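A short write-up of the structure that comes next.
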Amino acid sequence: HRLGILKEGYIYPKQERGFRDLLRKRMQLVRQRTTHILSIQNLVYRNIGKKVSGNDIKHLSIEGLAPLKGSH
C-alpha cells in the first residue's frame, strides 16, 4: 500500500452484498455448465469420433444417446 501499486478495494454496502453473492454463484454455475458440456463433447469425439455441438448436448436425452452407441 505504501508503494501505491495496489488499487483501493471496494466494500459493498450491506444491502447489496446478497445480490453480489448471487451473481458470483451464478457465474460459478455457468462456468461449471460450460466445463461439463466441453467434457461431454471431448468424450464423444474421443470414443466415437463424432463432433457434437454444444446445443445438441444441451438437448440430449437418454433416447438420443442410442444412435451414438450404435455408430461405434
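Quick look at the values:
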| quantity | calculated |
| --- | --- |
| Listed peptides 44-54, 23-33 by packing density, highest first (mean Cβ within 10 Å) | 44-54, 23-33 |
| Karplus-derived HN-Hα couplings along the range 3-15 (A = 6.51, B = -1.76, C = 1.60, θ = phi - 60°), whole Hz, x at Gly and Pro | 6, x, 9, 9, 6, 6, x, 10, 9, 5, x, 3, 5 |
| Over the chain: helical MRE at 222 nm, DSSP H runs n ≥ 4 each giving -39500 (n - 2.57), nearest 500 | -22500 deg cm²/dmol |
| Among Ser53, Gln32, Gly18 - extreme Cα towards positive end, dipole of the chain, charges at beta-carbon | Gly18 |
| Derived scalar couplings ³J(HN,Hα) [the range 53-66; Karplus, 6.51 cos²θ - 1.76 cosθ + 1.60; whole Hz; x for Gly, Pro] | 6, x, 5, 5, 5, 4, 9, 6, 10, 4, 5, x, 7, 4 |
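Bear in mind that the values in this text are calculations on the coordinates, not laboratory data. Since the model is a prediction, treat every value here as computed from it, not as a measurement. Cβ coordinates were reconstructed from backbone atoms using ideal geometry, including for glycine residues, and neighbour counts include every protein chain displayed.
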